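Student: Here it is, the structure, as structure tokens.
The values are calculated or read from the model by the stated rules, or taken from the named source; none is laboratory data. A quick note: this is a predicted structure, and the numbers were derived from the prediction, not measured. Quick reminder, even Gly has a Cβ in these numbers, built from the backbone with ideal geometry, and neighbours come from all protein chains shown.
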């Protein structure tokens, strides 16, 4: 099963976090779980299609507390394993929030 | 030093049972299972370093898991669950060492020393060692795969059983036995020394690729479960690539698996039919996996050295993946790669693939020239792809009548219904056939004669079916010549006994006379039948046979049994588990000639219990796979527990011949009959 994990943390990344996160990513890659990962713009643009008309609205949309965003595409045996990965991820990242969505096909 | 505490395979069941208990904290159990699957390999590897026994290490790790299952639902999942499991397991290992060796101060010191050294330290090497141990050549291939999934993948016996379509009990026993063998053979927990490394690594790669193929080429069974085997193999491969980064073949295998897996979605059509590589919708190939495959291939190149079989196969897969359309495929390059592969792995199947590539690169005649050198290879005589490929080349050359015959032959050889339909469709395109009696029709009428007894018809039937198969049942009888008949004989029966050859020859003579056509056996000389049977197998060959390292337990037992009981192979194969009197070393079967008693000696007696492995009924010698629906044997020839059929005489004979070819001075390989008469 593949999952897309996106996250936004409330702390700006410091040296320690970079090192810890680097180790974690290395470990995930090694165990064959992590397929792709990277940083991510927090707000981005919202695209809406309605009645054949496309509207693009640039962020920010909320009063952002978040300081950094990222994504990871992982391959696990179960949703529980995916949750375990994100649990570990947030232990390093600290406060923030994220989303896990299974990916099909 | 053996620190084994218990050999009871049942002790692992506590975990499975605990996981299935309905609890409020169901999600905690899910979380524990997830943590376990991530951590188990490292924990077991670290413990094995401490206690030097894989079986014991796994039991201690399981104890820690059981503790987690007991404590976490109440107390909550600890902050660092992996470390918690590791610490608990390590504590149990130290307790175990102390308890077992209290009187020996030396071991106290060892335990002390172990406490000082962190389990985390060098754990990567431990995991690599664990992989080498669980793929050790002293274990049969099936056991290696099961043990690797268990120890490195953290899978339960039930999960492994589902993936391999066998019973959970069989898997549990297979694993328990494997661990016992490792302890008995004192397989060290060490990386193989330099000169051995390549061979041992090949064994690890073989296990991983076997797991992958078990999932990748599954055409039946639980479709949802099988892809998970591909995933397990990929994870094992990726892990190994990180642990042994300087081995080009490891990266080659990973590249091969990543790229093959990238085509998963495109490999089957809407109704489940297979889609050939060149017809696949390349838009459905998984670009992420392809890129990972390319990256692994680059690492293989960086590791250097002459390319091995996995690197070459990966290079072929890469070449296909690089072509945006089937037309853009670089067939010259692929043909060259197959040429290199054929030199490393001289197999007619690889050669056939090379022919396909050359045919695409330089035209159908170039391909046909190679294929024609393979048609006389007995190993391919029932291989439908050979006829399919040959038919394809012939059709492209406009030789439609010959192509039709090949497609019909291929259709009659394949077991896959959609593929058969496809081949028959190809056979039907092209020019129409001239009217007249066909070989198939004539054979059918010939065999329907009432003046022949059943045994003769059975015997003639064998001959004519082979003729129809090889020459095409739709071929007009008028076009069947003595020359073509000789070719059929040369491929099918050249290696057979003189008696068999003469029997088939007699059938052709009889058929020619009945059909009032020129004698088709004109080019076939009668072979002198010697009165003497083939000599029995000599003592040095027998000794070599018993020492063969890679013999599967089933073959080992059957061969010993035939040697010690002097029973006919068919009789031995008809043994059921319930027919065995293990204590008194005898068994009883009912053949068509009445009841037959078999008795054996210590060699068989030692092996039989392992083969029986807790079964209580059904055929003693089982086929490797479940039978296809179309070839379902009667209930008496099916194992009620696994659904596998009885091992056939033909298969058993083939395996024995293959295995003894290197031993037989004549190079032909021995027969089971000779083995039955080999007792000194």
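Student: Here is a check on your reading of the model: is residue B:551 assigned to a loop (DSSP other than H, G, I, E, B), within 26 Å of the chain's Cα centre (by Cα) and crowded, with 16+ Cβ neighbours inside 10 Å?
Tutor: Yes, satisfied.
Student: If I filter the stretch A:3-18 for residues that are at pLDDT 90 or above, under 26 Å from residue B:124 (Cβ atoms), surrounded by 14 or more Cβ atoms within 10 Å (Cβ to Cβ) and within 11 Å of chain B (Cβ to nearest Cβ), do I get at least one hit?
Tutor: Within the stretch A:3-18 (the criterion being at pLDDT 90 or above, under 26 Å from residue B:124 (Cβ atoms), surrounded by 14 or more Cβ atoms within 10 Å (Cβ to Cβ) and within 11 Å of chain B (Cβ to nearest Cβ)), the answer is no, since none of the residues qualifies.
Student: Looking only at the stretch B:498-536, count how many residues are within 18 Å of residue B:673 (Cβ to Cβ), at pLDDT below 85 and surrounded by 16 or more Cβ atoms within 10 Å (Cβ to Cβ).
Tutor: 1
Student: For the stretch B:277-309: of the residues being exposed (fewer than 14 other Cβ atoms within 10 Å of the Cβ) and assigned to a loop (DSSP other than H, G, I, E, B), which is nearest to the chain's Cα centre (by Cα)?
Tutor: B:306
Student: Continuing with this model, one more query. With the structure loaded, tell me whether residue B:598 is within 17 Å of residue B:173 (Cβ to Cβ) and free of Cβ contacts under 8 Å to residues at least 60 places away in the same chain or whether it fails that test.
Tutor: no
Student: Out of all the residues in the stretch B:451-472, which are crowded, with 18+ Cβ neighbours inside 10 Å and outside any helix (DSSP H, G or I)?
Tutor: B:472
Student: Residue under question is residue B:613, and the condition is that it be within 16 Å of residue B:675 (Cβ to Cβ) and either loosely packed, with under 15 Cβ neighbours inside 10 Å or touching a residue at least 40 places away in the same chain (Cβ under 8 Å) (or both); does it hold?
Tutor: no
Student: Any residue in the stretch B:108-130 that is at pLDDT 90 or above and either in contact with a strand residue (DSSP E or B) (Cβ under 9 Å, 6 or more places away or on another chain) or within 21 Å of residue B:172 (Cβ to Cβ) (or both)?
Tutor: Yes: the stretch B:108-130 contains one or more residues that are at pLDDT 90 or above and either in contact with a strand residue (DSSP E or B) (Cβ under 9 Å, 6 or more places away or on another chain) or within 21 Å of residue B:172 (Cβ to Cβ) (or both).
Student: While we're looking at this one, here's another question. Being away from chain A (no Cβ under 14 Å) and free of Cβ contacts under 8 Å to residues at least 40 places away in the same chain is the filter here, so list the residues in the stretch B:43-69 that pass it.
Tutor: B:57, B:60, B:61, B:63, B:64, B:67
Student: Regarding the stretch B:255-275, can at least one residue be identified that is part of a helix (DSSP H, G or I) and farther than 29 Å from residue B:150 by Cβ?
Tutor: Looking for residues that are part of a helix (DSSP H, G or I) and farther than 29 Å from residue B:150 by Cβ, one finds at least one in the stretch B:255-275, hence yes.
Student: Which pairs have Cβ atoms under 7 Å, sit 6 or more apart or on different chains, and link a residue in the stretch B:27-42 that is more than 9 Å from chain A (Cβ to nearest Cβ) to one that is modelled with pLDDT of 85 or more and outside any helix (DSSP H, G or I)?
Tutor: B:36/B:154; B:40/B:154
Student: Give me the pairs: first residue in the stretch B:342-358 and touching a residue at least 12 places away in the same chain (Cβ under 8 Å), second residue in a loop (DSSP other than H, G, I, E, B), beta-carbon distance under 6 Å, and six or more apart or on different chains, which are they?
Tutor: B:348/B:377
Student: Let me ask something else. Got a sec? Which of B:485, B:405, B:475 is surrounded by 18 or more Cβ atoms within 10 Å (Cβ to Cβ), modelled with pLDDT of 80 or more and touching a strand residue (DSSP E or B) at 6+ places or on another chain (Cβ under 7 Å)?
Tutor: B:475
Student: Go through the stretch A:91-104 and give me each residue that's within 12 Å of another protein chain (Cβ to nearest Cβ) and modelled with pLDDT of 90 or more.
Tutor: Residue satisfying the conditions is A:103 alone.
Student: When only residues in the stretch B:231-254 that are more than 11 Å from chain A (Cβ to nearest Cβ) and outside any helix (DSSP H, G or I) count, which is nearest to residue B:130 (Cα to Cα)?
Tutor: Checking each candidate, the answer is B:244.
Table: residues versus (1) closer than 16 Å to residue B:44 by Cα; (2) more than 13 Å from every other protein chain (Cβ to nearest Cβ); (3) part of a helix (DSSP H, G or I); (4) out of contact with any strand residue (DSSP E or B) (no Cβ under 9 Å at 6 or more places or on another chain).
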| position | (1), (2), (3), (4) |
| --- | --- |
| B:148 | yes, yes, yes, yes |
| B:158 | no, yes, yes, yes |
| B:166 | no, yes, no, yes |
| B:177 | no, yes, yes, yes |
| B:190 | yes, yes, no, yes |
| B:205 | no, yes, yes, yes |
| B:229 | no, no, yes, yes |
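Student: Out of curiosity, is residue B:514 in a helix (DSSP H, G or I) and in contact with a helix residue (DSSP H, G or I) (Cβ under 6 Å, 6 or more places away or on another chain)?
Tutor: Judged against the criteria, residue B:514 is a match.
Student: Any residue at all in the stretch A:42-53 that's more than 13 Å from chain B (Cβ to nearest Cβ) and touching a helix residue (DSSP H, G or I) at 6+ places or on another chain (Cβ under 6 Å)?
Tutor: no
For (1) surrounded by 15 or more Cβ atoms within 10 Å (Cβ to Cβ); (2) within 14 Å of another protein chain (Cβ to nearest Cβ), each residue gets a yes or a no:
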residue: A:1; (1), (2): yes, yes
residue: A:21; (1), (2): yes, no
residue: A:31; (1), (2): yes, yes
residue: A:39; (1), (2): no, no
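Student: Which number in (1) surrounded by fewer than 23 Cβ atoms within 10 Å (Cβ to Cβ); (2) modelled with pLDDT under 85; (3) under 19 Å from the mean Cα position of the chain (by Cα); (4) not in a loop (DSSP other than H, G, I, E, B) marks the one condition that residue B:209 misses?
Tutor: So the condition that residue B:209 fails would be (2).
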